[in-house]
Amino acid sequence: MAINTEKPMRYVCLGYIAEGNWDSLPEAEGQRMLEECFAYDDELRNGGHFLGGEALDSSRNAVTLRMKNGQVDVTDGPYAETKEVLGGILLLEARDLNHAIALMSKHPGVKMGPFEIRPADEQTNKLIAQRDAAFSNKEN
């Protein structure tokens, strides 16, 4: 049996949802869906694939910043008016993109909306980690 010595890759899975669809779910059905998602997240944890995640509040509570004429312009809500908004993120570790797709294809959240799976930018994240470490050392 060959041992896989390749380092697993990290992926950011962006879960989108049509907020109106979620808001229209009966409370019991919404709770059941959350429990299904949490149970699958636990399966990912058990397999060493779940690195973290965050659910996002409603896009009605969001603001978007953009530079406009040299000034920061603040707009209520998401940048673009779309039916589906970002509902949360899940950080995943997988062998490769196909493995990440296979893992996320089983996630119950896909029933509520699409997931975008992107490889983490390991080079930039390494620089961020170095900056974090340098900042922590300054505080000590």
(request) Please give, to one decimal in nm, the separation of the simple spin-label points placed at V63 and T75, each 7 Å out from Cα toward the Cβ. (result) 1.5
(message) For a Förster distance of 25 Å, can you work out the FRET efficiency between the beta-carbons of A39 and D96, rounded to the nearest 0.05?
(response) 0.50
(request) Using Cα pairs closer than 8 Å and at least 6 residues apart in sequence, work out the relative contact order for the range 60-123, in percent. (result) 19
(message) What's the magnitude of the charge dipole for the range 32-117 around its Cα centre, counting Lys and Arg as +1 and Asp and Glu as -1 at the beta-carbon? Answer in Debye, nearest 20.
(response) 180
(message) Given a 1.4 angstrom probe, what's the average accessible area per residue across the chain, in square angstrom?
(response) 74
(request) Please turn the phi angles of the range 15-31 into ³J(HN,Hα) values with the Karplus equation 6.51 cos²θ - 1.76 cosθ + 1.60 (θ = phi - 60°), one per residue in order, whole Hz, x for glycine and proline. (result) x, 9, 8, 7, 4, x, 5, 5, 4, 8, 5, x, 3, 5, 5, x, 5
(request) Give the relative contact order (percent, whole number) for the chain; include only Cα pairs under 8 Å separated by 6+ residues. (result) 42
(message) Which order do the peptides 35-44, 61-70, 12-21 come out in when sorted by mean C-beta neighbours inside 10 angstrom, highest first?
(response) 12-21, 35-44, 61-70
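The values are calculated or read from the model by the stated rules, or taken from the named source; none is laboratory data. This structure is a prediction, so every number in the text was calculated from the model and none was measured. Note: ideal-geometry Cβ built from the backbone for every residue, glycine included; neighbour counts use all protein chains shown. Please note that ligands, DNA and RNA were not included when accessible areas were found on the heavy atoms of the full protein model with its side chains. Shrake-Rupley method; radii C 1.70, N 1.55, O 1.52, S 1.80 Å.
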